[in-house]
1. Which residues, taken from the stretch 186-229, are over 17 Å from MET36 (Cβ atoms), assigned to a helix (DSSP H, G or I) and small (Gly, Ala, Ser)?
2. Does PRO391 meet the test of being modelled with pLDDT of 80 or more and in contact with a Gly (Cβ under 7 Å, 6 or more places away or on another chain)?
3. Name the residue that is nearest to LEU300 (Cα to Cα), counting only residues in the stretch 335-358 that are in a helix (DSSP H, G or I) and touching a Lys or Arg at 6+ places or on another chain (Cβ under 9 Å).
4. Out of the residues in the stretch 85-96 meeting the condition of being within 17 Å of CYS419 (Cβ to Cβ) and surrounded by fewer than 24 Cβ atoms within 10 Å (Cβ to Cβ), tell me which one is farthest from the chain's Cα centre (by Cα).
5. Might you check whether a residue that is among the acidic types (Asp, Glu), surrounded by 15 or more Cβ atoms within 10 Å (Cβ to Cβ), at pLDDT 95 or above and not assigned by TED's automatic domain parsing to the domain that holds CYS248 occurs anywhere in the stretch 637-647?
6. Among the residues of the stretch 194-229, what is the count of those that are under 24 Å from the mean Cα position of the chain (by Cα), at pLDDT 95 or above, among the charged types (D, E, K, R) and surrounded by fewer than 24 Cβ atoms within 10 Å (Cβ to Cβ)?
7. Kindly establish whether SER62 is among the hydroxyl-bearing types (Ser, Thr, Tyr) and without any contact (Cβ under 8 Å) to a residue 40 or more places away in the chain.
Amino acid sequence: MITVSNKGCYYHNGKLVSVDDAAGLPAPETARKETMAAKILAAHNTTNEPDVFRLKVDAMASHDITYVSVIQTCRASGIEAFPVPYVLTNCHNSLCAVGGTINEDDHRFGLSAARRYGGEFVPAHQAVIHQYMRERYAAPGRLILASDSHTRYGPFGTLAVGEGGPELGKQLLGRTYDLTPPPVIAVYLTGAPRPGVGPQDVAIALIGKVFASGAVKNAVCEFVGPGIASLAMDYRSGIDVMTTETACLSSVWETDDTVRTAMETLGRGEQYKEQHPGADAYYDGSVVIELDKVEPMIALPFHPSNAYSIREFKENMTDILRKLDEETAAQLEGRGQQISLLSKVRDGKFIVDQGVIAGCSGGTLQNLLRATEILRSGTLSSVSMPLSCYPASLPVMLDLERRGCIADLLTAGATVRSCFCGPCFGAGDVPANNAFSIRHSTRNFPHREGSRPADGQLSWVALMDARSIAATALNGGVLTAATELPEPPADPSVEPFTYDDAPYAARVYRGVGKPDPSAELVFGPNIADWPPQIALPEHLLLTVCSAIYDPVTTTDELIPSGETSSYRSNPIKLSDFALSRKDPAYVGRAKEILALERKRREDPDDPAVKEALMGHDGATTGLGSLVLALKPGDGSAREQAASCQRVLGGCANIAQEYATKRYRSNVINWGMLPFIVPDLQALNIQPGDRFYIPDVRAAVSGDSESVAATLIRADGREEAVSLLLPGLTADERAVILAGCLINQYRA
């Protein structure tokens, strides 16, 4: 079904050729330039430096839990106008139910910023961010950044990357997006999906195969091969958007007449062009997907890579669920009440409590058409699994309405909601305690569905395709693959989309290129400036305020989604939630160190400060905190996963490795040191331990990739350690020396 190779290969005459059979083909260093990714990056590069791309992008986007902080960062640095098209969507904090007026205050601020600086503002309930960008901006050869991790528009021939807000701020302030040339992996598609198998099935199978091994980590996945022709546009986008969960940097696909037709339908046919790898393009590895062998899949809690075919899961439920019970207990670490998932098995069948089809992955026209076709043959039970459907945009909803699908879904007993991303991060359709939800959405991380184990709540989310979710709903909540239906629905390679953007024309503010300096920014009481940060001191004495030894730490654990989203415009209020789900004592520990550091700046001879400094010079030695984790930063691009640590006085992360480039970039952009310690787990460092790092400013100012430090245990024992800073560029060093990106901009 899926074969992975870490050997280099060529794309020659439409087929993959291993380096072992590549006699007569160009050298890899030459053929690397023939990939689609390399060509797009070269076209947007502003310099001829051999080891780094300095890129200018074609467009950017942020939603309403990221755009306020991006604009506030740029405002602090003197921005006068947006130099590139910048789209502000309102699809995350659409429901103004948490924090009183906070969410709608942010929306008013966003509209005022679009007017003042010349941006595009999409009001709440019009579209989810990525569907809007597919419809309005994605095109072959383009490079797009957005402050959301699922920024993927590869089927349109666009290289799109999800990054933290500071990377967007760089573009808005005339800087570049700097990128070390990434590996490029060929994802070669053959065959055609069977009826009843959807894009989420292909995506889950892919994620399950490559995530744990890191086969495509921080690489560009380049989709090629004859199997592409069998896939409709929505099907391609459904696979593509989920590549984020493989930990790759981005993705891009070959284009064809299906793409041409889609762009003509969207009214942008003139932007279409054919895009393919050049002759004998070289790839750093390959993934071969035989589409005709993919089965309906389920990604069990607590990661999209926890993948099984539904058939395999049903055949081995007892063993798999016992293992999942153990993993759940380990995730909870004694917090919350847990029932055994074996209780969901009744008469040998697995019973599901809730279904959701939503967002940039689930809410496309094709997914909802297939779900409607399935539900037309019956109705939902009044006492079993409810089903919620969220179309991804109003043009999608209009097309569904004109086809009669909305009426059919409602008649069958499903509910149809507005264009909203909430179910993907815990702000909509939160299940009942101990309920099991199946969702065609992007993630199923712990608590991503909105439960709060610390308050005695727990529920689970598994990812599935809309087709099998609809089949399960039709079968009264009994887990059912769509291929088990008498006539599973098939997906045509081209499916006409009657695109009508009248709702956008009526309500979207289209001010790109038309800044109005007379327009005043409209602030709400929760919109606060970033607190000032100081430059990197000569020496540091850092206290470990959290030590996490999980195999992977997600951004949801570093700063929760869901209940915190309304406070993303207030850095100080938001920081109180940092690590609240993983280490509730972290904030208190960090604030104690921050208070001592503030005293140090006022009076280095204060007795409490002198005691904390352990004999070191208070005039030159800064006091700070750090977070230690084996592999932090999987998941969302949100900068707040790092900025909250900084607001609380954080100066560094120590890790064995960073889960994603975007999280490491956020750490650096907020002035923190991204240390690596390869044998970190063996050191068994605990909260309260400290690191004294002499001459750290000098080390960062030079080109050192190793910093000598002393680890001081809580009991007073000391040992020498080496803290590594591999691959730190001159620009990244400058940001850390300045204390954060805002400071560097001001300078």
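The values are calculated or read from the model by the stated rules, or taken from the named source; none is laboratory data. Quick caveat, the model's predicted, so the values are computed rather than measured. Methodologically, a virtual Cβ is constructed for each residue, glycine included, from the backbone with ideal geometry; neighbour enumeration extends over all protein chains shown.
1. Narrowing the stretch 186-229 to residues over 17 Å from MET36 (Cβ atoms): 190-215, 217-218.
Adding the requirement that they be assigned to a helix (DSSP H, G or I) leaves 199-210.
Matches in the stretch 186-229: ALA203, ALA205, GLY208.
2. On the way: modelled with pLDDT of 80 or more: yes; in contact with a Gly (Cβ under 7 Å, 6 or more places away or on another chain): yes.
Spelling it out, PRO391 is indeed modelled with pLDDT of 80 or more and in contact with a Gly (Cβ under 7 Å, 6 or more places away or on another chain).
3. Within the stretch 335-358, the first condition is being in a helix (DSSP H, G or I), and the residues that meet it are 341-344.
From what is left, the residues that are touching a Lys or Arg at 6+ places or on another chain (Cβ under 9 Å) are 341-342.
On the way: LEU341: 11, LEU342: 14 Å.
Among those that are in a helix (DSSP H, G or I) and touching a Lys or Arg at 6+ places or on another chain (Cβ under 9 Å), it is LEU341.
4. As a first pass, look at the stretch 85-96 and keep what is within 17 Å of CYS419 (Cβ to Cβ): 87-96.
If we keep only those that are surrounded by fewer than 24 Cβ atoms within 10 Å (Cβ to Cβ) as well, we get 95-96.
Working: LEU95: 21, CYS96: 23 Å.
Step by step, filter the stretch 85-96, then rank; the result is CYS96.
5. First, the residues of the stretch 637-647 that are among the acidic types (Asp, Glu): 639.
Those still in the list that are surrounded by 15 or more Cβ atoms within 10 Å (Cβ to Cβ) too: 639.
Of the ones still in play, those that are also at pLDDT 95 or above are none.
Checking the stretch 637-647: not a single residue is among the acidic types (Asp, Glu), surrounded by 15 or more Cβ atoms within 10 Å (Cβ to Cβ), at pLDDT 95 or above and not assigned by TED's automatic domain parsing to the domain that holds CYS248.
6. 1
7. On the way: among the hydroxyl-bearing types (Ser, Thr, Tyr): yes; without any contact (Cβ under 8 Å) to a residue 40 or more places away in the chain: no.
Answer is no for this residue.
Here is a yes/no grid of residues against (1) in contact with a strand residue (DSSP E or B) (Cβ under 9 Å, 6 or more places away or on another chain); (2) under 30 Å from ARG402 (Cβ atoms):
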position	(1), (2)
TYR504	yes, yes
VAL508	yes, yes
LEU521	no, no
ILE527	no, no
PRO537	yes, no
VAL544	yes, no
VAL552	yes, no
ILE559	no, no
ARG568	no, no
